[in-house]
Amino acid sequence: MARIATATSTRRTVRLPSLAVAVITASAVALTACGGDSGDGDGSGSGGGPYRVSVVSDLTGAGVTQAGPYADGVATALDDVNDRGGVNGGKIEYKITDTQSDPTAAQATFRAALSEKPVAILAATGSATLSASFPLLQNAGVTVIAANAIGFPNHPFLYGASLSSSQLASMLANSASSSVSSLQGKKVALVGIDSPATRGTFGEVEQQIGTLGGTITSTQFVAPGTPSFDSGAANIISQAPDVVVIQDSAAGTILEAKAIAAAGFTGPIVVSYAGSDDATLANIANPNLLGVRPYVYATEGTEIFAAAQKFDHAKNVSNEGFVRGWLMGQMLIAGLGKCGQDCSSADLISSLDGLGTFTVPGGFLQFGDLQLSADRHHPLTAVGLYSYDPATRKSVVRIDKVDAGEPTYPAAQ
């Protein structure tokens, strides 16, 4: 069933019948818990009123597998804090709108979100969707907390719940090095989803692997939905790498990792965090595969898992993207908490930049501190490496801390 979740002083989830229009787009009528338009204003939460927030996500189309969990994680975080009384005495009023995973539709969706004059926009989308609408967001200057703020300059208004592009490169290169003790004299094969973010990241990975003493045997980009990776796996095997690195979705990681193992590779396979959830590791069931995680996932028994069930957002709870969405919501909540009741978007930016080292609730045990400042708009600092244990049929920590490095950003154009 399609869903648009909104939250005001009385939380309500509005469900649309499955045979009705299943897409909430920029042209759809805005639904709120109290009905009608939210009215004029800056979404600041002044006077104990609600903070108005817009959540934009790829809820349908090719991007839904990646972005749907982001939206569920954001909704869980915001519903949870509202259930506990809100922030500074004010609830967070939000609605989720759909880009349809289409660049043109995305621009219209973000434009409609900006027209609501929110204190912040949570961009729970893939990198391609965000890139298509970025000039619009840059011109507006409203606080944006994004699931995939990767490869952008350190714009004052933009924050990312992922690792930055430079950190992704450091994470993958350092994880590959940890998997074989040292990359000095070792060979590495790279496999990634064909996206602007991955292409940018792999360019930096190649440089960092070289700095660590390794060499790249091949770099392959795989289009989403590709039905087979057999030929790609054969190409990898023919060049005899010591370690393989994969950055892809969960589905892509399963396809590629299984094909590489079936082709005869027995060395370590390091996979980025989108393909390192429990279900994916269990599906692949390869003890030589190491899944990178920057935080503990929302498995049964965790506070985040319980919150997802309580607020009916548990469909994608075990996915990495769900916890990334939770972090997006918690970054907003932490910023609003520091900002106070009368918090404009500009005030929120100052508050986020002033957070320094901070923590988030929900059993969110990351492998290093969370940090935000004017020079650091990506809070994650370290990752852990997990593998599947066939004896216990569970994912276990193999390496508990791998440095993700300081985020560095490209110069603004």
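Values as computed for the structure displayed
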{"read-out": "Top-ranked residue in the range 361-413 [being among the polar types (S, T, N, Q) and touching a residue at least 12 places away in the same chain (Cβ under 8 Å); ranked as farthest from ASP278 (Cα to Cα)]", "value": "GLN413"}
{"read-out": "Qualifying residue in the range 386-399 (condition: over 18 Å from the mean Cα position of the chain (by Cα), within 25 Å of ALA67 (Cα to Cα) and at pLDDT below 90)", "value": "yes"}
{"read-out": "Within the range 139-225, strands (runs of 3 or more DSSP E) holding 2 or more residues that are in the same structural domain as THR65 (by TED's automatic domain parsing)", "value": "143-146, 158-160"}
{"read-out": "Hits in the range 378-392 (condition: crowded, with 22+ Cβ neighbours inside 10 Å, of a type outside the set (Ser, Thr, Tyr) and not in a strand (DSSP E or B))", "value": "HIS378, PRO379, LEU380"}
{"read-out": "Pair list, Cβ under 6 Å, 6 or more apart: the range 268-279 residue in contact (Cβ under 8 Å) with a residue 40 or more places away in the chain and aromatic (Phe, Trp, Tyr), other residue crowded, with 24+ Cβ neighbours inside 10 Å and part of a strand (DSSP E or B)", "value": "TYR273/VAL292"}
{"read-out": "Residue check, ALA161 surrounded by fewer than 19 Cβ atoms within 10 Å (Cβ to Cβ) and among the small types (Gly, Ala, Ser)", "value": "no"}
{"read-out": "Condition broken by THR299, with the remaining ones in (1) in contact with a strand residue (DSSP E or B) (Cβ under 9 Å, 6 or more places away or on another chain); (2) in contact (Cβ under 8 Å) with a residue 24 or more places away in the chain satisfied", "value": "(2)"}
{"read-out": "Identity of the residue in the range 357-377, modelled with pLDDT of 80 or more, aliphatic (A, V, I, L, M) and assigned to a loop (DSSP other than H, G, I, E, B), that ends up surrounded by the fewest Cβ atoms within 10 Å (Cβ to Cβ)", "value": "ALA374"}
{"read-out": "From THR253, THR215, THR302, residue being crowded, with 18+ Cβ neighbours inside 10 Å, modelled with pLDDT of 95 or more and hydroxyl-bearing (Ser, Thr, Tyr)", "value": "THR253"}
{"read-out": "Count - residues of the range 323-353 that are touching a strand residue (DSSP E or B) at 6+ places or on another chain (Cβ under 7 Å) and within 21 Å of ASP375 (Cβ to Cβ)", "value": "9"}
{"read-out": "Selected residue (criterion: farthest from SER57 (Cα to Cα)) from residues of the range 308-351 that are among the hydroxyl-bearing types (Ser, Thr, Tyr) and in contact (Cβ under 8 Å) with a residue 12 or more places away in the chain", "value": "SER351"}
{"read-out": "Residues satisfying the stated conditions in the range 74-118, i.e. farther than 29 Å from THR302 by Cβ and either touching an Asp or Glu at 6+ places or on another chain (Cβ under 6 Å) or in a loop (DSSP other than H, G, I, E, B) (or both)", "value": "THR99, GLN100, SER101, ASP102, GLU116, LYS117, PRO118"}
{"read-out": "Residues of the range 369-391 classified as out of contact with any Phe, Trp or Tyr (no Cβ under 8 Å at 6 or more places or on another chain) and closer than 19 Å to THR302 by Cα, total", "value": "1"}
{"read-out": "Any pair with Cβ under 7 angstrom, 6 or more apart, that starts in the range 225-244 at a residue that is more than 26 Å from ALA62 (Cα to Cα) and ends at one that is surrounded by fewer than 16 Cβ atoms within 10 Å (Cβ to Cβ)", "value": "ILE237/GLY264"}
{"read-out": "Matching residues, the range 314-326, being under 18 Å from VAL53 (Cβ atoms) and either modelled with pLDDT under 95 or assigned by TED's automatic domain parsing to the domain that holds ILE254 (or both)", "value": "ARG324"}
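The values are calculated or read from the model by the stated rules, or taken from the named source; none is laboratory data. This is a predicted model, so every value here is computed, not measured. Cβ atoms come from the backbone with ideal geometry, glycine included; neighbour counts cover every protein chain shown.
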